[in-house]
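K.L.:
Mind looking over this structure? Questions follow.
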Amino acid sequence: MRFLADAMLGSVARKLRIFGFDTLYVPDTSDNEVLRLAAAQNRIILTADKELFKRIVKQGAYGVLVEGASDLDDMVHIFEKLGISMDLSKMGSRCTSCNGILVQKRPEEVGELVPPNVLARYKGFWQCTACHKVYWDGGHLGRIRIFAKNIEERLATSKG
Ligand SMILES: [Zn+2]
């Protein structure tokens, strides 16, 4: 399942990437280009723009209209609409900046790219194969695990 998030949904796009979903984010793109890209790359368009959503439906493209008020609400809505759930084993497999694939690295391989205190403190490192940004299993993934749990609880509740 591949996504294309429109300009208003940058934060949702980053979170989907953290959960391992292939998500293209296009902040400065016309609606025409959004529709063209989604068709060309077989992506589901995520948007909070009602006018754009009308065009998606009219063209027979695939999209989900979200409210854009809260990331939690939007992501629960997206997962419900598409009938998907999260695969937590995929968490941390994609770069939040560029959607590239992350590969695990040994500390000595990323030593020159992270601050010394980080290198001393953490053992798990990942690097983006596209933009070369380095990630480590710090507080950021801890917070996102709580966010993931909130999504799962909401999905479980709405299923009754
Ligand atoms: Zn990257």
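The values are calculated or read from the model by the stated rules, or taken from the named source; none is laboratory data. Remember, predicted model here, so these are calculated numbers, not experimental data. Here Cβ is always computed from backbone atoms with ideal geometry, including for glycine, and neighbour counts include all displayed protein chains. In case anyone asks, the SASA skips ligands and DNA or RNA and just uses the protein heavy atoms, side chains included. Shrake-Rupley method; radii C 1.70, N 1.55, O 1.52, S 1.80 Å.
K.L.:
Quick one: count up the residues across region 56-73 that are in contact with a Ser or Thr (Cβ under 9 Å, 6 or more places away or on another chain) and in a loop (DSSP other than H, G, I, E, B).
P.N.:
The total comes to 2.
K.L.:
Oh, and also: Go through region 21-33 residue by residue and tally those that are under 20 Å from residue 71 (Cβ atoms) and either at pLDDT 95 or above or not assigned by TED's automatic domain parsing to the domain that holds residue 55 (or both). Reasoning before the result, please.
P.N.:
Step one: list which residues in region 21-33 are under 20 Å from residue 71 (Cβ atoms), which gives 21-27.
In the following step, the residues that additionally are either at pLDDT 95 or above or not assigned by TED's automatic domain parsing to the domain that holds residue 55 (or both) were identified as 21-25.
Final tally of qualifying residues: 5.
K.L.:
Regarding residue 131, is this residue loosely packed, with under 13 Cβ neighbours inside 10 Å, within 16 Å of the ligand (Cβ to nearest atom) and assigned to a loop (DSSP other than H, G, I, E, B)?
P.N.:
Judged against the criteria, residue 131 is a match.
K.L.:
Quick one: would you say residue 79 is touching a Pro at 6+ places or on another chain (Cβ under 8 Å) and open to solvent by less than 30 Å² (accessible area, probe 1.4 Å)?
P.N.:
No: the conditions fail for residue 79.
K.L.:
So, in region 35-55, of the ones that are in contact with a helix residue (DSSP H, G or I) (Cβ under 7 Å, 6 or more places away or on another chain) and in a helix (DSSP H, G or I), which residue ends up farthest from residue 89 (Cα to Cα)?
P.N.:
Per the stated criteria, the residue is 55.
K.L.:
Would you please name the residue that is modelled with the lowest pLDDT, looking only at residues in region 107-160 that are closer than 19 Å to residue 96 by Cα and of a type in the set (Lys, Arg)?
P.N.:
If we take residues in region 107-160 being closer than 19 Å to residue 96 by Cα and of a type in the set (Lys, Arg), then 143 is modelled with the lowest pLDDT.
K.L.:
Please count how many residues of region 87-98 are outside any loop (DSSP other than H, G, I, E, B) and surrounded by fewer than 13 Cβ atoms within 10 Å (Cβ to Cβ).
P.N.:
Qualifying residue count for the region: 2.
K.L.:
Filter region 99-128 down to the residues that are touching a Lys or Arg at 6+ places or on another chain (Cβ under 7 Å), within 16 Å of the ligand (Cβ to nearest atom) and open to solvent by 30 Å² or more (accessible area, probe 1.4 Å) and list them by number.
P.N.:
Once the filter is applied, which keeps residues that are touching a Lys or Arg at 6+ places or on another chain (Cβ under 7 Å), within 16 Å of the ligand (Cβ to nearest atom) and open to solvent by 30 Å² or more (accessible area, probe 1.4 Å), region 99-128 yields 101, 126.
K.L.:
Still on this structure, I have one more. Regarding residue 84, is this residue part of a loop (DSSP other than H, G, I, E, B), more than 16 Å from the ligand (Cβ to nearest atom) and touching a residue at least 12 places away in the same chain (Cβ under 8 Å)?
P.N.:
yes
K.L.:
Taking the stated definitions as given, is residue 46 out of contact with any Leu (no Cβ under 7 Å at 6 or more places or on another chain) and not acidic (Asp, Glu)? Even if it seems obvious, please write down each step before you answer.
P.N.:
On the way: out of contact with any Leu (no Cβ under 7 Å at 6 or more places or on another chain): no; not acidic (Asp, Glu): yes.
No, not satisfied.
K.L.:
Select from region 113-160 the residues that are of a type in the set (Ser, Thr, Tyr) and in contact (Cβ under 8 Å) with a residue 60 or more places away in the chain and list them in ascending order. Before you say what the answer is, go through the steps one by one.
P.N.:
Residues of region 113-160 that are of a type in the set (Ser, Thr, Tyr), as a first pass: 122, 129, 135, 157-158.
158, the sole residue that qualifies.
K.L.:
Suppose we keep only residues that are in a helix (DSSP H, G or I) and open to solvent by 60 Å² or more (accessible area, probe 1.4 Å) within region 134-149. Which one would you say is farthest from residue 95 (Cα to Cα)?
P.N.:
If we take residues in region 134-149 being in a helix (DSSP H, G or I) and open to solvent by 60 Å² or more (accessible area, probe 1.4 Å), then 149 is farthest from residue 95 (Cα to Cα).
K.L.:
Same structure again: Could you go through region 15-24 and let me know if any residue there is touching an Asp or Glu at 6+ places or on another chain (Cβ under 7 Å) and within 23 Å of residue 144 (Cβ to Cβ).
P.N.:
Keep residues of region 15-24 that are touching an Asp or Glu at 6+ places or on another chain (Cβ under 7 Å), which gives 15, 20.
Cutting the leftovers down to within 23 Å of residue 144 (Cβ to Cβ) gives us 15, 20.
Taking every residue of region 15-24 in turn, at least one turns out to be touching an Asp or Glu at 6+ places or on another chain (Cβ under 7 Å) and within 23 Å of residue 144 (Cβ to Cβ).
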